[in-house]
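K.L.:
The structure is given below, and queries will be raised subsequently.
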Amino acid sequence: MDKICSFCGNKNFRDKLVQYIYRCEGRFLVVNNVPCEECEYCGEQYFMAEVLRKIEKDFCEVYYYSKKSKYEVSLPVEDFTELL
Ligand SMILES: [Zn+2]
């Protein structure tokens with residue numbers, strides 16, 4: 001199967017595990033060790049639909065069905081217009 005990067009046209013990809021941040025309506029779910037294929041040239045990352053579906057499902061379970069996530073972090077938030 002010949003895949004081509006839709007950003008740069010490169011055909012070489014490497015398998016990688018990355019951190020994925022799922023965002024929905026101002027809520028975040030961070031998932032570590034998510035498999036993806038990364039373009040060796042421009043670094044664009046491609047995720048399989050099944051992988052994204054799993055993350056989306058887990059997001060719902062955590063936020064709507066009170067599933068306890070592995071752990072939680074708090075994160076600082078800034079507004080760019082207030083930065084010096
Ligand atoms: Zn690329």
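K.L.:
State which residue pairs qualify: first residue free of Cβ contacts under 8 Å to residues at least 24 places away in the same chain and inside segment 55-84, second residue part of a helix (DSSP H, G or I) in any location, beta carbons under 9 Å apart, and separation of 6 or more residues or different chains.
P.N.:
Cβ pairs passing all conditions: 67/58; 67/60; 67/61; 68/62.
K.L.:
In segment 34-42, is there at least one residue being out of contact with any helix residue (DSSP H, G or I) (no Cβ under 8 Å at 6 or more places or on another chain) and away from the ligand (no atom under 16 Å from the Cβ)? Working first, answer last.
P.N.:
Step one: list which residues in segment 34-42 are out of contact with any helix residue (DSSP H, G or I) (no Cβ under 8 Å at 6 or more places or on another chain), which gives 37-42.
Now restrict to residues that are away from the ligand (no atom under 16 Å from the Cβ): none.
For segment 34-42, residues out of contact with any helix residue (DSSP H, G or I) (no Cβ under 8 Å at 6 or more places or on another chain) and away from the ligand (no atom under 16 Å from the Cβ): absent.
K.L.:
Here is a follow-up. Restricting to segment 37-53, give me the number of residues that are more than 15 Å from residue 17 (Cα to Cα) and surrounded by 14 or more Cβ atoms within 10 Å (Cβ to Cβ).
P.N.:
1
K.L.:
Go through segment 18-34 and give me each residue that's more than 18 Å from residue 70 (Cα to Cα) and not in a loop (DSSP other than H, G, I, E, B).
P.N.:
Here is the first cut: in segment 18-34, the ones more than 18 Å from residue 70 (Cα to Cα) are 24-26.
Result: 24, single match.
K.L.:
Taking the criterion of being closer than 24 Å to residue 6 by Cα and touching a Pro at 6+ places or on another chain (Cβ under 9 Å), would at least one residue in segment 54-69 satisfy it?
P.N.:
no
K.L.:
Which residue pairs have Cβ atoms closer than 8 Å, lie 6 or more positions apart in sequence or on different chains, and pair a first residue in segment 27-39 that is more than 24 Å from residue 13 (Cβ to Cβ) with a second residue that is of a type outside the set (A, V, I, L, M, F, W, C) and surrounded by 12 or more Cβ atoms within 10 Å (Cβ to Cβ)?
P.N.:
Note: pairs meeting the criteria are 27/63; 28/22; 29/22; 29/58; 29/63; 29/69.
K.L.:
Pull out all pairs, ordered by first then second residue, where Cβ-Cβ is under 8 Å, the residues are six or more apart or on different chains, the first lies in segment 1-20 and is more than 11 Å from residue 38 (Cα to Cα) and in contact (Cβ under 8 Å) with a residue 12 or more places away in the chain, and the second is part of a strand (DSSP E or B) and near the ligand (Cβ under 10 Å from one of its atoms).
P.N.:
3/13; 3/46; 7/39; 8/39
K.L.:
So, one more: Return only the number of the condition from (1) at pLDDT below 95; (2) surrounded by 13 or more Cβ atoms within 10 Å (Cβ to Cβ) that residue 34 does not satisfy.
P.N.:
Going through the list (1) at pLDDT below 95; (2) surrounded by 13 or more Cβ atoms within 10 Å (Cβ to Cβ), residue 34 breaks only (1).
The values are calculated or read from the model by the stated rules, or taken from the named source; none is laboratory data. The structure presented is a predicted model; accordingly, all values stated were derived computationally and were not measured. As a convention, Cβ positions derive from the backbone with ideal geometry for all residues, glycine included, and neighbour counts pool all protein chains shown.
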